[in-house]
Amino acid sequence: MKTRRNWRSNSKQNPGRGVWAPALVNRAAGLVRGRRGRLAGGVAVALLALAGGLWLLLGGDEDGNRPPDPRARQYRDVDACLLTGADGIAQGTVASSVWEGMQQASEETRARVSYVPVTGEQSAANARPFLNGLVQRQCEIVLTVGVPQAQAVRAVAGQHPSLPFVVVGEAVAMAKSNVTAVPPGDGLKAAVVREIRDAASDKRP
């Protein structure tokens, strides 16, 4: 039976055996570590891919960092603005018919359309700041519905001779070349489309 002293002596006499065994162990450990590293890396990549897929499936970036929808309408830099009374574009009103004509014109000309109701007192004095706000927004054409709104146009239109105004629904005497009066009725929508088309054609893309 070998004693510890004899084992140490044999190891010194046969140095190859004492070196070979630890080297083999270290190499095996390295292989295990390499395989484990590759395995861990593969698992991490798979988890990241799964997380990314779930993120896109659930909506992705709320800020809209996605490719644009090719079906989305590309608007021109043309704005048609409508000033209404307190009821806005409520169904059944003259303003709602004007708005429908504006939407049709938007489909044809790719102009942006918007409306602003006059809140508070329904008077020319109160409507005028709202009208001035549309002018400052640099709308290419301004349409109005209602007597107070038309009276505000009469006071403002002369200061902006290059801006076309369309007064709908009320007969307000105006001696302004940039103001067009459009009566309500069956031809209202067509008249609105025509006026916006003319305004959009005056501004080249």
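The values are calculated or read from the model by the stated rules, or taken from the named source; none is laboratory data. No experiment lies behind these values; they were computed from the predicted model shown. Neighbour counts run over all protein chains shown; Cβ positions are idealised from the backbone, glycine included. We work out accessible area using only protein heavy atoms, side chains counted, and drop any ligands, DNA or RNA first. Shrake-Rupley method; radii C 1.70, N 1.55, O 1.52, S 1.80 Å.
Between A95, A111, A80, the distinction of being closer than 14 Å to V182 by Cβ, touching a Phe, Trp or Tyr at 6+ places or on another chain (Cβ under 8 Å), crowded, with 19+ Cβ neighbours inside 10 Å and not polar (S, T, N, Q) belongs to A95 only. Among the residues making up the stretch 131-161, a single one is open to solvent by 50 Å² or more (accessible area, probe 1.4 Å) and within 15 Å of D87 (Cα to Cα): V147. Checked against (1) surrounded by 15 or more Cβ atoms within 10 Å (Cβ to Cβ); (2) modelled with pLDDT of 95 or more; (3) of a type outside the set (D, E, K, R), G120 passes all but a single condition, namely (1). Of the conditions (1) within 24 Å of P129 (Cβ to Cβ); (2) surrounded by fewer than 16 Cβ atoms within 10 Å (Cβ to Cβ); (3) modelled with pLDDT of 95 or more, V166 fails just one. Which one is it? In the conditions (1) within 24 Å of P129 (Cβ to Cβ); (2) surrounded by fewer than 16 Cβ atoms within 10 Å (Cβ to Cβ); (3) modelled with pLDDT of 95 or more, V166 misses (2) alone. For the stretch 83-102, state whether one or more residues are in a strand (DSSP E or B), within 21 Å of the chain's Cα centre (by Cα), closer than 21 Å to A200 by Cα and of a type in the set (A, V, I, L, M). Scanning the stretch 83-102, I find no residue that is in a strand (DSSP E or B), within 21 Å of the chain's Cα centre (by Cα), closer than 21 Å to A200 by Cα and of a type in the set (A, V, I, L, M), so the answer is no. The selection criterion, being touching a residue at least 40 places away in the same chain (Cβ under 8 Å), out of contact with any Ser or Thr (no Cβ under 7 Å at 6 or more places or on another chain) and within 24 Å of R76 (Cα to Cα), does not hold for Q103.
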